[in-house]
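Below is one structure, written out as structure tokens; the observations come after it.
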Amino acid sequence: MLPVQRTCGVLHLEDVALTALAECYGTPLYAYSASAIAARYRAFTAAFEGHPHRLCYAVKANSNLAVLELLAKLGAGFDIVSGGELERVLRAGGDPGSVVFSGVGKTVAEMERALEVGVACFNVESAAELDRLEAVAARLGRRAPVSLRVNPDVDAATHPYISTGLKENKFGIPVAAAPDLYRRAAATPSLEVRGIDCHIGSQLTRLDPFVAALDRILALVETLESDGIALEHIDLGGGLGVRYEEEDPPSIAAYATAILGRLGNRRETLLFEPGRWLVAEAGVFLTRVEYVKENEGRHFLVVDGAMNDLLRPALYGSWHSIEAVGDPTQAGKTETVDVVGPVCESSDFLGKGRQLAACAGDLLAVHTAGAYGFGMASNYNSRNRPAEVMVQGNRHMLVRRRETLDDQLALERLVAGSLDAPPDGA
């Protein structure tokens, strides 16, 4: 069951009316269901029961400290792509020994910090990165645990911006080049080969791309074994999709059956890096209608939420279900409307061509907003980023206060008197 349900005519998140959250914290607002996140985590781990595995939550999906803390207490590991994400995991109580460090552009400082705290593994994405990591580890007198992220050249059949497993993508190492790099890593005293990594994209709604990628990875594992390189783990990344509109993604049980059926008697620990699948449907974005507007037959609901708050529709053309929070039996006439924000861009919309009945002051809920929502938010148009709330049962807690203009300006300074005046005509 999804965490947002209509009770006595009003949408609730778990047992809390969304109207109550808006009244308490204002809008725009992100709200997350703790119970829904926990249920998804437990369903994933249960699906792979009987085979050694670890779920490493992809922090980029939603990096709020309360979300990370919840998952850490459940026993999750973490997949990070920056030094900032590493520090968030540490501050949320996550175990650095359960962290895998992905990403194509790791800096020297990020490598040093990750080695200092003892991350479980670096997912290395290029020969140049392997060279850098080797040098950093040698200088610090440490052995860096590594796996190579292999690009299997498998079409994930998803949006091109979130496809990562094709040869034209910037991610990973070609399969053909991987054996030589593994041999080099295995022969280097400052590196310790731990596993192999593969991630082909996000929001996948079919199982065959996962299976095709795994088959290519297993063939490479066998090649490495023939060279005397044994691996402790196989990291299959994340990418399992969720339902935004009409998608019909496979169940976690079907996903596990497909993966385990390909492994046979292999007992390497399986690592997974789900993000969206764990948190997307646990989140809702609340926004209030400021104006109802008509332009020559085109109807608009101008709301206080904007593309700087929820970028996915503008960035990907993504679809989110939108509905009025209040009792639909008390609403007026339903019309075809575009739900748009106040930012000065034509791409500033949350949804187009929606069937809604709403007036100025009404509250709208944008569903499936728990992943890649707040994390992509910005201060464009000098707008303050929204607050975030966690709900569990009939309780709700502020987990990030609403930003203020003072927060925005705290890092800036005036320079009058410090710079020469520009020349005439400049």
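The values are calculated or read from the model by the stated rules, or taken from the named source; none is laboratory data. This one's a predicted model, so the numbers in the text were calculated from it and none came from an experiment. Glycine also receives a Cβ, built like all others from the backbone with ideal geometry; neighbour counts cover every protein chain displayed.
Tabulated results
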{"item": "Answer residue from the range 326-371, given it is β-branched (Val, Ile, Thr) and out of contact with any Lys or Arg (no Cβ under 9 Å at 6 or more places or on another chain) and is nearest to residue 17 (Cα to Cα) among those", "result": "366"}
{"item": "Yes/no for residue 379 being without any contact (Cβ under 8 Å) to a residue 60 or more places away in the chain, within 14 Å of residue 310 (Cα to Cα) and either in contact with a helix residue (DSSP H, G or I) (Cβ under 8 Å, 6 or more places away or on another chain) or among the polar types (S, T, N, Q) (or both)", "result": "no"}
{"item": "Residue within the range 76-83 that is in a helix (DSSP H, G or I), more than 27 Å from residue 260 (Cα to Cα) and assigned by TED's automatic domain parsing to the domain that holds residue 262 present", "result": "yes"}
{"item": "Check on residue 41, touching a residue at least 24 places away in the same chain (Cβ under 8 Å), among the hydroxyl-bearing types (Ser, Thr, Tyr) and either assigned to a loop (DSSP other than H, G, I, E, B) or within 25 Å of residue 307 (Cβ to Cβ) (or both)", "result": "no"}
{"item": "Residue match in the range 62-69 (condition: in a helix (DSSP H, G or I) and among the small types (Gly, Ala, Ser))", "result": "yes"}
{"item": "Residues satisfying the stated conditions in the range 84-103, i.e. assigned to a helix (DSSP H, G or I) and of a type outside the set (Val, Ile, Thr)", "result": "84, 85, 86, 87, 88, 90, 91, 96, 97, 98"}
{"item": "Test: residue in the range 277-292 that is polar (S, T, N, Q), in a strand (DSSP E or B), more than 21 Å from residue 22 (Cβ to Cβ) and in the same structural domain as residue 345 (by TED's automatic domain parsing)", "result": "no"}
{"item": "Residues located in the range 375-404, provided they are under 27 Å from residue 317 (Cβ atoms) and surrounded by 23 or more Cβ atoms within 10 Å (Cβ to Cβ)", "result": "386, 388"}
{"item": "Candidate set: the range 324-347, residues that are out of contact with any Phe, Trp or Tyr (no Cβ under 9 Å at 6 or more places or on another chain) and among the acidic types (Asp, Glu); chosen: the one farthest from residue 313 (Cα to Cα)", "result": "327"}
{"item": "Pick from the range 91-133, criterion in contact with a helix residue (DSSP H, G or I) (Cβ under 7 Å, 6 or more places away or on another chain) and β-branched (Val, Ile, Thr), ranking: surrounded by the fewest Cβ atoms within 10 Å (Cβ to Cβ)", "result": "108"}
{"item": "Residue list for the range 134-149, restricted to those being surrounded by fewer than 18 Cβ atoms within 10 Å (Cβ to Cβ) and either modelled with pLDDT under 95 or of a type in the set (Lys, Arg) (or both)", "result": "139, 142, 143"}
{"item": "Yes/no for residue 66 being among the small types (Gly, Ala, Ser) and crowded, with 20+ Cβ neighbours inside 10 Å", "result": "no"}
{"item": "From 260, 214, 231, 191, residue being at pLDDT below 95 and over 20 Å from the mean Cα position of the chain (by Cα)", "result": "214"}
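Quick grid of which residues meet (1) more than 19 Å from residue 260 (Cβ to Cβ); (2) without any contact (Cβ under 8 Å) to a residue 24 or more places away in the chain; (3) outside the structural domain of residue 257 (by TED's automatic domain parsing); (4) under 27 Å from the mean Cα position of the chain (by Cα):
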| site | (1), (2), (3), (4) |
| --- | --- |
| 183 | yes, no, no, no |
| 204 | no, no, no, yes |
| 226 | yes, yes, no, no |
| 239 | no, no, no, yes |
